[in-house]
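Following: one structure in structure tokens, then a few remarks.
The values are calculated or read from the model by the stated rules, or taken from the named source; none is laboratory data. Bear in mind the structure is a predicted one, so any value in this text is a computation, not a measurement. Positions of Cβ are backbone-derived with ideal geometry, glycine not excepted, and every protein chain shown enters the neighbour counts.
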Amino acid sequence: MKILLIAVVMLSHSFGDSIQSKYAETSLKIISKSLTDSTAYNRLGYMCDTFGPRLSGSKNLENAINWILKEMKSDGFENVRGEKVSVPTWIRGKESATLLSPFKKELSMLGLGGSIATPRGGLKAEVIVVNDWDELESRSNEVPGKIVLFNAPFTSYGETVAYRYSGASAAAKHGAVASLIRSIGPWSMNTPHTGVMAYDDDVQKTPHAALTMEDAMMLSRIHDRGDKIIVKLDMNARTVADRWSQNVLGEIKGSVYPDEVVVVGGHIDSWDVGQGAQDDGGGCVASWEAVRLIKELGLKPKRTIRCVLWTNEENGGKGNKGYRDMHMDEMDKHVLAIESDGGVFSPKGFGFSGNDSARKIVEEIHALMKPIGANTISEGGRAADVAPLNDEGVPVMSLKVDGSKYFWYHHTNADTFDKVDFNEFNRCVAAIAIMAYVVADLDEPLPR
């Protein structure tokens, strides 16, 4: 308690009459409560271990959503509800990739979301390895009848993910019977990464899967030595009719401007491997907990703070579009939307997308988070689920964390609850809670 009092005094002297001096004591209360409360951490563990991975269209996802709705009501949230959204449904089925030559080996693989199946009984073909798009084009005459393996090294997610998303049609255009990619990530312990892919409308659809970094690099070495590689690929994936899911909403009503809204949230769906702990169960539960803590501390923000857990971010984006469409008539009352979808590692601050006047206010709020090391504002608050709101003029933010290990686990069987650190997770909760509360309690809304 003595340390907290000293911190309050230091913040007050440092900032004088300002947002920081007004909210210094409250922000430290939020931090203290966040760092010592195990409610959210235990809830995240329960959700991961009880419901498992939460792919759109699955019973796992809907069971998790129904549990969250029940728990939000028990927390005393207002207007708790699920808003229906029709989502695409892809089912993995059994799958395997077997190296037959130059020796026999079961390759570690994951089919990519949206891929078609192989013919019944699988397909067997020679593999050609290319390192990038240019090599595919320059060697296109060698492709017909073969499986193309894109052994593209990880540079950044935004750049390298193109091979996952577009590789199947790029290879099929030259006559490939299937395609494989080196998993999209900087590090691996034989952990293949899945993720969404798509087909061009005017190109034959072919199966598309990811191998581990280790297996892709091994096949590349064999290929470079001039040895013939034969692989059998067997995938039973299928896409079925759309199914109903729900966006989760729960809020605490504003005491002065209840029709003005600050949104916090993440996406509650995940891929069908691992437990979706970092991507994005942690972001969802941290956002939920931020609102719960504000309520538990007896804080009464002037504006409504609404927790939104979007469905179907991973393979369709139907949740974020559904929320936008259902709330279009109140879009001008959305003051800010905050998303957490980069893992719940040590928080660094927030990325922000909005005008310069709003940025100055947000930058001042960041100083309140110096005690938890989350006081760095950066450019770029747009993320998948808040981007449609930003398109309508709503300022948006994304929680930024130490992402050095995020792609170790992202979209893999290793994205499990044991990767979540108690202290790091709770500092994420504190950062979201402070930002949401202060913005919601300001005398004036953030300027647009």
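It is to be established whether one or more residues within segment 212-235 are small (Gly, Ala, Ser) and in a strand (DSSP E or B).
Checked segment 212-235: no residue is small (Gly, Ala, Ser) and in a strand (DSSP E or B).
Look through segment 213-245, keep the residues that are buried (at least 18 other Cβ atoms within 10 Å of the Cβ) and in contact with a helix residue (DSSP H, G or I) (Cβ under 9 Å, 6 or more places away or on another chain), and return whichever of them is nearest to Val161 (Cα to Cα).
Out of the qualifying residues, it is Val231.
How many residues does segment 216-266 hold that are of a type in the set (D, E, K, R), out of contact with any Lys or Arg (no Cβ under 8 Å at 6 or more places or on another chain) and over 25 Å from Met326 (Cβ atoms)?
Selection size over segment 216-266: 6.
When you scan segment 408-429, do you find a residue that is modelled with pLDDT of 95 or more and part of a strand (DSSP E or B), even just one?
Checked segment 408-429: no residue is modelled with pLDDT of 95 or more and part of a strand (DSSP E or B).
Would you mind telling me which numbered condition in (1) in contact with a Leu (Cβ under 6 Å, 6 or more places away or on another chain); (2) free of Cβ contacts under 8 Å to residues at least 60 places away in the same chain Tyr165 fails?
Unmet condition: (1).
For a quick check of your reading of the model, give me the residue pairs whose first member lies in segment 273-290 and is within 12 Å of Val308 (Cα to Cα) and at pLDDT 95 or above, whose second is polar (S, T, N, Q) and assigned to a loop (DSSP other than H, G, I, E, B), with beta-carbon atoms closer than 7 Å and at least 6 apart or on different chains.
Gly283/Ser340; Ala286/Ser340; Ser287/Ser340
Only strands (runs of 3 or more DSSP E) wholly contained in segment 83-162 count here; list those with 1 or more residues that are within 23 Å of Glu313 (Cα to Cα).
Once the strands (runs of 3 or more DSSP E) in segment 83-162 are filtered for at least 1 residues that are within 23 Å of Glu313 (Cα to Cα), what remains is 109-111.
If you take just the helices (runs of 4 or more DSSP H) that sit entirely in segment 1-68, which of them hold at least 1 residues that are modelled with pLDDT under 95?
Answer list for segment 1-68: 2-15, 19-36.
Consider Ala367 carefully, then state whether it is farther than 20 Å from Gln278 by Cβ and of a type outside the set (Val, Ile, Thr).
Taking the combined requirement at face value, the residue satisfies it.
Within segment 403-417, does at least one residue satisfy the condition of being surrounded by fewer than 24 Cβ atoms within 10 Å (Cβ to Cβ), without any contact (Cβ under 8 Å) to a residue 60 or more places away in the chain and either over 21 Å from Leu44 (Cα atoms) or aliphatic (A, V, I, L, M) (or both)?
yes
Step by step: first the residues of segment 163-188, then only those that are polar (S, T, N, Q) and either over 22 Å from the mean Cα position of the chain (by Cα) or part of a loop (DSSP other than H, G, I, E, B) (or both), then the one that is nearest to Val148 (Cα to Cα). Which residue is that?
Ser179
Anything in segment 382-394 that is in contact (Cβ under 8 Å) with a residue 40 or more places away in the chain, in a loop (DSSP other than H, G, I, E, B) and surrounded by 15 or more Cβ atoms within 10 Å (Cβ to Cβ)? List them, or say none.
Ala383, Ala384, Asp385, Val386, Val394
Could you go through segment 189-203 and let me know if any residue there is in a strand (DSSP E or B) and at negative phi.
There is at least one residue in segment 189-203 that is in a strand (DSSP E or B) and at negative phi.
Filtering segment 254-278 down to residues that are among the aliphatic types (A, V, I, L, M) and part of a loop (DSSP other than H, G, I, E, B), which residue is surrounded by the fewest Cβ atoms within 10 Å (Cβ to Cβ)?
Val256
Given segment 291-378, what strands (runs of 3 or more DSSP E) lie entirely inside it while holding 1 or more residues that are crowded, with 20+ Cβ neighbours inside 10 Å and of a type in the set (Gly, Ala, Ser)?
Answer list for segment 291-378: 334-339, 347-353.
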